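The values are calculated or read from the model by the stated rules, or taken from the named source; none is laboratory data. Just so you know, these numbers come straight off a predicted model, no measurement behind them. A quick note on method: Cβ atoms are made from the backbone with ideal geometry, for glycine too, and the neighbour counts reach across all protein chains shown.
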2 protein chains.
Amino acid sequence: MQETRLDTARIRAGRRVIDPIFLDTPLYRCEALEPGLGCEVSIKLETANPIRSFKARGTELVASLLADQGSRAVVCASAGNLGQALAWSGRGRGLDVTVVASRFAPAAKLDRIRALDARLELVDGDFDTARERAAAIARRDGIRLVEDSLDIETCEGAATIGLELVATPPSFDAVLIALGGGAMATGVGHVVKALAPEVEVICVQPLGAPAMTRSWRRRRVVTTDSTDTIADGVAGRRPIPAVLDDLLLVADDAVLVQETSIVAGMRMLLDHAGLVVEPSAALGVAAILEDPDRFAGRHVVTIVCGGNVDVDAYRRWVGATPPDLTTA
Amino acid sequence: MQETRLDTARIRAGRRVIDPIFLDTPLYRCEALEPGLGCEVSIKLETANPIRSFKARGTELVASLLADQGSRAVVCASAGNLGQALAWSGRGRGLDVTVVASRFAPAAKLDRIRALDARLELVDGDFDTARERAAAIARRDGIRLVEDSLDIETCEGAATIGLELVATPPSFDAVLIALGGGAMATGVGHVVKALAPEVEVICVQPLGAPAMTRSWRRRRVVTTDSTDTIADGVAGRRPIPAVLDDLLLVADDAVLVQETSIVAGMRMLLDHAGLVVEPSAALGVAAILEDPDRFAGRHVVTIVCGGNVDVDAYRRWVGATPPDLTTA
C-alpha cells in the first residue's frame, strides 16, 4: 500500500499516552438490530466516556505533547465534539483552551465546552468560518492551532479505534465510518488497511454535506457553498487536500445518505440497541438501510462515534414516525 | 469481617471464565449529571454488551461449569435479564436453556429470550411464581436449576463488577447498588468491603418492592404479599435467607425510593448522560435525588445495571414531565 501520513507504530505508542478511560471501548454484536438490517451488526461504542465522543483519543495526544513542550495555551475550531475533547484533555494538563464554534452548533455541545472551563468564542457562520477565526487567534496569540483531520494527532488518535477493531475476534467484513473532515476515516482506515486489508472500509456522509465524498470520487478537492444536514458533526464544506490524499489510499468506498435514513438510523439505535446517538453516529446504520443488498449476510461494524445531542431536537427526531421513513 | 458465602480468590479466577465482552465495562465521571445531583457522580455502565445487562457475568460462570460437567440442559426463573443472560451463555456452549418468566414481564425482555433460542415458559403470576415453576421443571427433568442470588455463581459473577470498581482510580466514597434478590448487592458489596472497606455500600430498592430492604433492617426475612413498581428487575417478594445473611455483612445501608424518583432518575440519565436505562438501573440516581444532603460533595458510583425496556413504556416514562417530579 502507498503510504499515508499516518504511522502504525506511532499509533500503537499513542495508546500509552491516551487516558485509558477513552480506550478499549465496547465492541459487541447487537442482534436486536439485525432483523431490521439484514446483516450481522457489531457496534463500536464511543459514547460511554466523559465527553461522549471518540474525539478525546486525538486531543489526548495533542494535549500531552503540548504539556511536554511546556505550552500554556491551545485553540481549535470545532463543530462541538473536538472542542469538548480538547477542553477535557487541556483541563487535566493545565492548558488554557480556546474553542471557536458556530453559534448554530448544538447548545448541548456548547454548554459542555463551557462547563469544561474552556473559553468559547462563537462565530456567525459555519464550521469553516470557525476554522478561519481559530487560525487568526492562533496567529495573534502565537499558540498552537489544533486543526481537526489535518493535524496528524487527530487522525492517529482516532486510528486507535482501528487497533481495537482488528485486535478482537470475531472478524468482520466491513467497517462503516462517519466521514466529515476525515480524521476518523483516515485513521481507522489506515489501521484496517494495514492490519486487516480484506475488511472493506466504507465511509458514510450525508447527502446534505457531500464535499469530501465528492472529492474522493473525483480524486481532487471539491468544495460546496453550503451544507444542509442534521449531522452537525460532519458538516464541512472544504476538504483538506492532505486528508483527501490519505482517504484515497485507505477508503474502499464513500457513500452518501439521506436525512430520513439518518433519522431512521437514530431511531433504530434507540429502539433496538438502547443507544442515544447524535446524527453523525447513525450514518453507518443509515447506509445499511439505504442499500441492504450490499450488506446482506455480511458482518458489519459501525462506529457509534458520538452521543452529544440537544435533548429537544433529539426528541423531535426520534419521537414521531413520519410516513416516509421506511427501513428497507 | 465475618465471612460471606463469597470468595474473593474465586471471584478473581472467575474473570478468566467470563467472556471478555462482559468485563471491564466503562467506568467514568459524568459531570453533566452533577449540577442536578449535587455530588460527583461516576457511572459503571453494564448495558453496552450483547444482552444489555450485567447478568451474563454470572451466567457465564454457570454455563461454563455445566459445559465442563457435560450437562446438556439448564433452567431458570427470570424477571427477564437473567433469562437473556443464561440463553446467551448457554447457546454458546450447546446447552438447552429453559427460562420461566412472568407473562407480565416486559415484552422486550421476553422477545430477546426467545430470539436467543431459549425455550420460554410463561406463568400467570409474578417472579416468585416463576421460581416455583422453574424448580418443578428442574426436578421433573433432572437438570440444573439456576437460582438467582442463591446460586453462588450469580453472586460471584456480579462481584466481578466490584473488582473493576476498586481496581480503577480515582477512588470514590460510596457505591449505589440496585437491590432485588441480592446477587449484585452481595457480590459487589463483598468485594468492596474486602478490598476498599472505607467505601460506603448503599443498596437501593423501590418502596413498592421493599422485602429485602425491610429484611435487612429487621435482620430477619420479611416477605410481602405483592409488589407495585415499574422496576421489574428487582421486584421480588420473598428474600432468600442465605442471601440476607450475606447482605447483613456487606451493606452499610439499604434505602427505599419512590416511583416518581425512579422515573426522574431515568429521565436524568437520558437527558444528561445519554443513557437509556431500565427502571432498576435508575435506582441509584433516585436515591441521590431523594436525599441530596447525604451525598453532597461526595464522589458516588452508581451501577447502571441494565437497559432492557419496552420502547413504548420507556417513552411514556421519560416523555412527559409530571409536575410532582422535582430534582432536589
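Take the conditions (1) surrounded by 24 or more Cβ atoms within 10 Å (Cβ to Cβ); (2) closer than 30 Å to A:ASP291 by Cα; (3) of a type outside the set (A, V, I, L, M); A:GLY90 misses just one of them, which is (2). Summed over region B:157-180, the residues that are without any contact (Cβ under 8 Å) to a residue 12 or more places away in the chain and assigned to a loop (DSSP other than H, G, I, E, B) give a count of 1.
How many of the residues in region B:286-301 are closer than 18 Å to B:ILE262 by Cβ and touching a strand residue (DSSP E or B) at 6+ places or on another chain (Cβ under 6 Å)? Within region B:286-301, residues that are closer than 18 Å to B:ILE262 by Cβ and touching a strand residue (DSSP E or B) at 6+ places or on another chain (Cβ under 6 Å) number 4. Checking each residue in region B:20-73 for being assigned by TED's automatic domain parsing to the domain that holds B:GLY142, surrounded by fewer than 18 Cβ atoms within 10 Å (Cβ to Cβ) and more than 17 Å from B:VAL99 (Cα to Cα) picks out B:LEU65, B:ALA67, B:ASP68, B:GLN69, B:GLY70.
Can we say B:ALA9 is touching a strand residue (DSSP E or B) at 6+ places or on another chain (Cβ under 7 Å), small (Gly, Ala, Ser) and either without any contact (Cβ under 8 Å) to a residue 24 or more places away in the chain or away from chain A (no Cβ under 12 Å) (or both)? Against the criterion (touching a strand residue (DSSP E or B) at 6+ places or on another chain (Cβ under 7 Å), small (Gly, Ala, Ser) and either without any contact (Cβ under 8 Å) to a residue 24 or more places away in the chain or away from chain A (no Cβ under 12 Å) (or both)), B:ALA9 does not qualify. Residues in region A:206-221 that are in contact with a Pro (Cβ under 8 Å, 6 or more places away or on another chain) and either small (Gly, Ala, Ser) or not assigned by TED's automatic domain parsing to the domain that holds A:GLU290 (or both): A:ALA211, A:SER215.
Only residues that are at pLDDT 95 or above, among the acidic types (Asp, Glu) and outside any helix (DSSP H, G or I) were counted in region B:271-324, giving 2.
Report, by residue number, each residue of region A:13-34 that is charged (D, E, K, R) and within 14 Å of another protein chain (Cβ to nearest Cβ).
Taking region A:13-34 as the starting set, the residues that turn out to be charged (D, E, K, R) are A:15-16, A:19, A:24, A:29, A:31, A:34.
Answer for region A:13-34, where residues must be charged (D, E, K, R) and within 14 Å of another protein chain (Cβ to nearest Cβ): A:ASP19, A:ASP24, A:ARG29, A:GLU31, A:GLU34.
Taking region B:83-113 as the range and being polar (S, T, N, Q) and assigned to a strand (DSSP E or B) as the test, the residues that pass are B:THR98, B:SER102. Note on region B:35-71: residues that are in a loop (DSSP other than H, G, I, E, B) and either touching a residue at least 60 places away in the same chain (Cβ under 8 Å) or within 10 Å of another protein chain (Cβ to nearest Cβ) (or both) total 12.
Does B:GLY208 satisfy the condition of being in a loop (DSSP other than H, G, I, E, B) and modelled with pLDDT of 95 or more?
On the way: in a loop (DSSP other than H, G, I, E, B): yes; modelled with pLDDT of 95 or more: yes.
Against the criterion (in a loop (DSSP other than H, G, I, E, B) and modelled with pLDDT of 95 or more), B:GLY208 qualifies.
Kindly indicate whether any position in region A:283-292 is among the aliphatic types (A, V, I, L, M), in the same structural domain as A:LEU179 (by TED's automatic domain parsing) and within 22 Å of B:THR47 (Cβ to Cβ). Yes, region A:283-292 has at least one match. Would you call A:ALA134 part of a helix (DSSP H, G or I), closer than 29 Å to A:PRO26 by Cα and small (Gly, Ala, Ser)? It is false that A:ALA134 is part of a helix (DSSP H, G or I), closer than 29 Å to A:PRO26 by Cα and small (Gly, Ala, Ser).
Quick one: would you say A:GLY319 is in contact with a Ser or Thr (Cβ under 6 Å, 6 or more places away or on another chain) and not hydrophobic (A, V, I, L, M, F, W, C)? Answer is no for this residue.
Out of B:VAL192, B:VAL277, B:VAL257, B:VAL250, report the one residue that is away from chain A (no Cβ under 14 Å), within 26 Å of B:ILE51 (Cα to Cα), β-branched (Val, Ile, Thr) and surrounded by 22 or more Cβ atoms within 10 Å (Cβ to Cβ). So that I can check it myself, show each step before the final result.
On the way: B:VAL277 fails: away from chain A (no Cβ under 14 Å); B:VAL257 fails: within 26 Å of B:ILE51 (Cα to Cα); B:VAL250 fails: within 26 Å of B:ILE51 (Cα to Cα).
Every option except B:VAL192 fails the conditions.
Would you point out the residue of region A:260-274, among those that are hydrophobic (A, V, I, L, M, F, W, C) and out of contact with any strand residue (DSSP E or B) (no Cβ under 6 Å at 6 or more places or on another chain), that is surrounded by the most Cβ atoms within 10 Å (Cβ to Cβ)? Here the residue is A:ILE262. If you go through region B:111-137 and keep only what is within 14 Å of another protein chain (Cβ to nearest Cβ) and crowded, with 22+ Cβ neighbours inside 10 Å, you end up with B:ARG112, B:ILE113, B:LEU116, B:ALA118.
Being more than 14 Å from chain B (Cβ to nearest Cβ), out of contact with any strand residue (DSSP E or B) (no Cβ under 6 Å at 6 or more places or on another chain) and over 30 Å from B:ALA56 (Cα atoms) is a description that does not apply to A:GLN84.
Entry remark, region A:73-102: residues being at pLDDT below 95 and either more than 25 Å from A:ASP126 (Cβ to Cβ) or more than 19 Å from the chain's Cα centre (by Cα) (or both) number 0 in total. If you go through region A:185-211 and keep only what is over 13 Å from the mean Cα position of the chain (by Cα) and among the aliphatic types (A, V, I, L, M), you end up with A:VAL191, A:VAL192, A:ALA194, A:LEU195, A:ALA196, A:VAL199, A:VAL201, A:ILE202, A:LEU207, A:ALA209, A:ALA211.
The C-beta contact set for region B:248-261 (first residue more than 21 Å from B:ARG5 (Cβ to Cβ), second residue among the aromatic types (Phe, Trp, Tyr), distance under 7 angstrom, 6+ apart or interchain) is empty. Candidates B:ALA167, B:ALA108, B:ALA158: the one that is of a type in the set (A, V, I, L, M, F, W, C), crowded, with 21+ Cβ neighbours inside 10 Å and assigned by TED's automatic domain parsing to the domain that holds B:GLU200 is B:ALA158.
Would you confirm, using the coordinates I've provided, whether A:ALA242 is within 14 Å of another protein chain (Cβ to nearest Cβ), out of contact with any helix residue (DSSP H, G or I) (no Cβ under 8 Å at 6 or more places or on another chain) and either in contact (Cβ under 8 Å) with a residue 40 or more places away in the chain or among the β-branched types (Val, Ile, Thr) (or both)? For A:ALA242, the condition - within 14 Å of another protein chain (Cβ to nearest Cβ), out of contact with any helix residue (DSSP H, G or I) (no Cβ under 8 Å at 6 or more places or on another chain) and either in contact (Cβ under 8 Å) with a residue 40 or more places away in the chain or among the β-branched types (Val, Ile, Thr) (or both) - is not met.
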